[in-house]
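The values are calculated or read from the model by the stated rules, or taken from the named source; none is laboratory data. Note that this is a predicted model, so its numbers are computed, not measured. Here Cβ is always computed from backbone atoms with ideal geometry, including for glycine, and neighbour counts include all displayed protein chains.
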Amino acid sequence: MSLMSIFDISGSAMSAQTIRLNTTASNMANANSAAGNADDVYRARYPVFSSVQAAVAANNSDPFAMSMDGMMPASEQGVKVMGMMESEAPLQPRYEPEHPLADEDGYVFYPNVNVVEEMTNMISSSRSFQANVDVMDAAKTMMQRVLSLGQ
Amino acid sequence: MAISFSNALGVHEQALLLRDQRSSIIASNIANSDTPGYKARDFDFAAVLQQRMGMGGDSNTLELATSSERHIGAAEQGISDDMLLYRTPLQPSLDGNTVDEQLENAAFARNALEHQASFQFLNGKFTGLIKALRGE
């Protein structure tokens, strides 16, 4: 039944958005983690989303049972996090000779995290999460209604 | 005289099923609103419903051949890929995603309402059948 697969679809999107929110939190938390050389600095990271068949997203590895069920998996696309991407933006070297981690020239390196960008990412992911919660809630109501058929 | 459910229930049984399937397609669109390169999809409800009811439309569906009139022809129930159309985006986006979240949310809410309407019609049909059987 298609309404059932909405739980898989919206669930996968909610979990992907949670991962996005997690990386945002991690980026924000590390926005001021300085390091003594450019290689050790934290770099802003972002998840890369890709669409995936709903049953795969829900770890249901039985495509035959699905097609027997009469639904076409091609039309039901969940979301998965394909991987993480590190930001290529330039790091911020700062001249802080008193800093315990400063190199011989007196520079420390700060991460390439743009806090404003992270805030907008946070709002975007929480809104998307909310939209999927609403969809799931509506699907639940529709299902409960169908269950009362003939009563 | 046998009771024919398909005659008694009319269009509403298929309509409810299709509403059901449409809701999962729109849910996929909303779920993928942040996926780069994802194209929002939907189907032409009226055309697919007509096809399901056997009232014309293009009849390139896969059905089991029936050699006796007592065979049950198993028509395909799912939405195949060629029935699924792509939405025309109002605003192009840099990452190639064509999901308009507001539009999809509106479509989902509307589909949920129409699902409820179909359900109420179907429920009314069943209530009528039960009344007829009881002879009250």
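Output yes when any residue across the stretch A:55-74 is touching a Ser or Thr at 6+ places or on another chain (Cβ under 6 Å), within 14 Å of chain B (Cβ to nearest Cβ), buried (at least 16 other Cβ atoms within 10 Å of the Cβ) and at pLDDT 90 or above, and no when none is.
Within the stretch A:55-74 (the criterion being touching a Ser or Thr at 6+ places or on another chain (Cβ under 6 Å), within 14 Å of chain B (Cβ to nearest Cβ), buried (at least 16 other Cβ atoms within 10 Å of the Cβ) and at pLDDT 90 or above), the answer is no, since none of the residues qualifies.
Those residues that are of a type in the set (Phe, Trp, Tyr) and either over 22 Å from A:ARG43 (Cβ atoms) or within 20 Å of the chain's Cα centre (by Cα) (or both), I need them from the stretch A:83-137; list them, please.
First, the residues of the stretch A:83-137 that are of a type in the set (Phe, Trp, Tyr): A:95, A:107, A:109-110, A:129.
Listed by number, the list holds a single entry, A:PHE129.
In the stretch A:102-115, which residues are exposed (fewer than 15 other Cβ atoms within 10 Å of the Cβ) and either in a loop (DSSP other than H, G, I, E, B) or at pLDDT 95 or above (or both)?
A:GLU104, A:ASP105, A:GLY106, listed by residue number.
Hey, does the stretch B:51-65 have a residue that's acidic (Asp, Glu) and at pLDDT 85 or above? It would help to see each step written out before you state the result.
Filtering the stretch B:51-65 down to residues acidic (Asp, Glu) leaves B:58, B:63.
With at pLDDT 85 or above added as a condition, the list becomes none.
Among the residues of the stretch B:51-65, not one is acidic (Asp, Glu) and at pLDDT 85 or above, which makes the answer no.
Would you check which residues across the stretch B:8-37 are within 7 Å of chain A (Cβ to nearest Cβ) and touching a helix residue (DSSP H, G or I) at 6+ places or on another chain (Cβ under 8 Å) and list them?
If the condition is that a residue be within 7 Å of chain A (Cβ to nearest Cβ) and touching a helix residue (DSSP H, G or I) at 6+ places or on another chain (Cβ under 8 Å), then B:ASP20, B:GLN21, B:SER23, B:SER24, B:ILE25, B:ALA27, B:SER28, B:ILE30, B:ALA31, B:ASN32, B:SER33, B:ASP34 are the ones that fit.
Here is a yes/no grid of residues against (1) touching a helix residue (DSSP H, G or I) at 6+ places or on another chain (Cβ under 6 Å); (2) away from chain B (no Cβ under 13 Å):
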position	(1), (2)
A:GLN92	no, yes
A:TYR95	no, yes
A:TYR107	no, yes
A:VAL113	yes, yes
A:VAL116	no, yes
A:ASN121	yes, no
A:SER125	yes, no
A:ASN132	yes, no
A:GLN144	no, no
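Just checking, which of A:ALA16, A:ALA44 is within 14 Å of chain B (Cβ to nearest Cβ), surrounded by 20 or more Cβ atoms within 10 Å (Cβ to Cβ) and farther than 18 Å from A:LYS140 by Cα?
Criteria check complete, one pass: A:ALA16.
Among all residue pairs at least 6 apart or on different chains, which show Cβ distances below 8 Å where the first residue, located in the stretch B:105-125, is within 7 Å of another protein chain (Cβ to nearest Cβ) and the second is assigned to a helix (DSSP H, G or I) and among the β-branched types (Val, Ile, Thr)?
Listed pairs, sorted by first residue: B:ASN105/B:ILE30; B:PHE108/A:VAL135; B:PHE108/B:ILE26; B:PHE108/B:ILE30; B:ALA112/A:THR141; B:PHE119/A:VAL146.
Specify the residue that is nearest to the chain's Cα centre (by Cα); the eligible residues are those in the stretch B:68-118 that are over 26 Å from B:TYR38 (Cα atoms) and part of a loop (DSSP other than H, G, I, E, B).
Looking at residues that are over 26 Å from B:TYR38 (Cα atoms) and part of a loop (DSSP other than H, G, I, E, B), I get B:GLU76.
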